[in-house]
Structures are given as C-alpha cells and as structure tokens.
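The values are calculated or read from the model by the stated rules, or taken from the named source; none is laboratory data. A quick note: this is a predicted structure, and the numbers were derived from the prediction, not measured. Here the Cβ positions follow ideal geometry from the backbone for every residue, glycine too, while neighbour counts run over all protein chains shown. Just so you know, the surface numbers come from the protein's heavy atoms only, side chains and all, with ligands and any DNA or RNA stripped out. Shrake-Rupley method; radii C 1.70, N 1.55, O 1.52, S 1.80 Å.
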Amino acid sequence: MSKPFVFKARLKVADLFHHANHIEVFTAAVAKRESLEHFLLRILGFCALSYNQRTFLNQKSDKSYPDVWCENDEQKIVLALYVSELDISEITRLCKLYNRLLILTIDGENWYKEVSSHLIQHHNISIFSIKASFLEDLKTNLTNSMHWDILIEQNSMSVSDKSGYYQTEVKQLC
C-alpha cells in the first residue's frame, strides 16, 4: 500500500457500554510516518470515545495533541487517548497534563508488566490492550471505503464490514 492512504469512513457505532448509537462520517488518511496499525488504533479509539460529542481525532498527526481527545465546554482537553506504548517519563508528564489519560496498545501485557510498578502514583490513567490478530484481520480487508458497523461492549469490540466480522477482547490492564 502506498502512503498516504486516504479513507472515506462511515462508522456506525453501537456503544452498549455507554448506551449510545450514532454514525460518524469523515475522511481520514494514514500519515506519512504512521503505521497502518497505529492508524487503525486511532480510529478504534475514536469510536470508543465518540459517545462524547466533544471527541476529536488527531487527523494531522500533530505531536502537540493526543491521538484522540475529549474537550470540555471551555475547549480544554480533559481526556487524552494515546495509541502506543509510552515510556514512564512520558506517562508521568501526560498524567500531569490531562485529567484522564487512556492508553490503547496491541498485545500490551508484557509492556504493562514492565511499567506497572511505576504507575501506582498515577490515579488518572487507564490502559487497554487488544489482540494483534484483530488488527491484522482489519488490515487484510481494508479498502478506501471504511463502512464499518462497530459494536462496543463491556470487554469486547467488534467490527463488521462487507467482507466479514471481526471481534476482539479488550483487556483493561489498569
């Protein structure tokens, strides 16, 4: 696949955990230095938080903003989602910067074991992990037109499109 790869996204989100159903329609592109896995995690993270109408997706890979964030009425970021395994110094900095920090990883259990002892001091962080095989399935059947039906439940997420149905467990590590 040549980058940047542009997608027309039409995402029907059924969030049973937050009792929300809505449709998100936008155009998104894989950034020049972004992996397809990171891009897909950003989209999935956006869907998980999109029950909040003040949720934004970092479309420009602007490093001064999280991958996904929620703002309050004063346009202050109150919840920040990053979709990568961060080092402890970066986690500490971000926990001070935002009211709530979420991290979404791929098979992040080993990374979490390494950093977990340093996270005791942070009470505003949650870390979630999804299976790499789920992202591989999504990548394999990805087209320029992302017409996805997304179901979010307590500990799982599923995506269906014209090619198939994909489901993963979402583990909350902390």
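Here are the criteria: (1) open to solvent by 50 Å² or more (accessible area, probe 1.4 Å); (2) among the hydroxyl-bearing types (S, T, Y); (3) more than 22 Å from E153 (Cβ to Cβ); (4) not in a helix (DSSP H, G or I). Tell me which single one S84 does not satisfy.
The failed condition is (1).
Mind checking which residues of segment 106-155 are among the basic types (K, R) and over 19 Å from A29 (Cα atoms)?
K113, K131, listed by residue number.
Count, please, the residues in segment 123-150 that happen to be open to solvent by 50 Å² or more (accessible area, probe 1.4 Å) and within 14 Å of the chain's Cα centre (by Cα).
2
Considering segment 12-24 alone, what residues qualify as being open to solvent by 50 Å² or more (accessible area, probe 1.4 Å) and closer than 22 Å to L79 by Cα?
Answer for segment 12-24, where residues must be open to solvent by 50 Å² or more (accessible area, probe 1.4 Å) and closer than 22 Å to L79 by Cα: L16, F17, H18, H19, N21, I23.
Given the structure, is N58 free of Cβ contacts under 8 Å to residues at least 24 places away in the same chain, among the polar types (S, T, N, Q) and either under 18 Å from T168 (Cα atoms) or surrounded by 13 or more Cβ atoms within 10 Å (Cβ to Cβ) (or both)?
Judged against the criteria, N58 is a match.
Return the residues of segment 151-174 that are assigned to a loop (DSSP other than H, G, I, E, B), free of Cβ contacts under 8 Å to residues at least 24 places away in the same chain and open to solvent by 40 Å² or more (accessible area, probe 1.4 Å); say none if nothing qualifies.
Answer for segment 151-174, where residues must be assigned to a loop (DSSP other than H, G, I, E, B), free of Cβ contacts under 8 Å to residues at least 24 places away in the same chain and open to solvent by 40 Å² or more (accessible area, probe 1.4 Å): N155, K162, S163.
For segment 106-122, which positions are crowded, with 17+ Cβ neighbours inside 10 Å, touching a helix residue (DSSP H, G or I) at 6+ places or on another chain (Cβ under 9 Å) and either farther than 24 Å from Q154 by Cβ or touching a residue at least 60 places away in the same chain (Cβ under 8 Å) (or both)?
I106, V115 - these are the residues of segment 106-122 that are crowded, with 17+ Cβ neighbours inside 10 Å, touching a helix residue (DSSP H, G or I) at 6+ places or on another chain (Cβ under 9 Å) and either farther than 24 Å from Q154 by Cβ or touching a residue at least 60 places away in the same chain (Cβ under 8 Å) (or both).
Can you name the condition, by its number, that D67 falls short on among (1) acidic (D, E); (2) within 21 Å of N124 (Cβ to Cβ); (3) open to solvent by 30 Å² or more (accessible area, probe 1.4 Å)?
(3)
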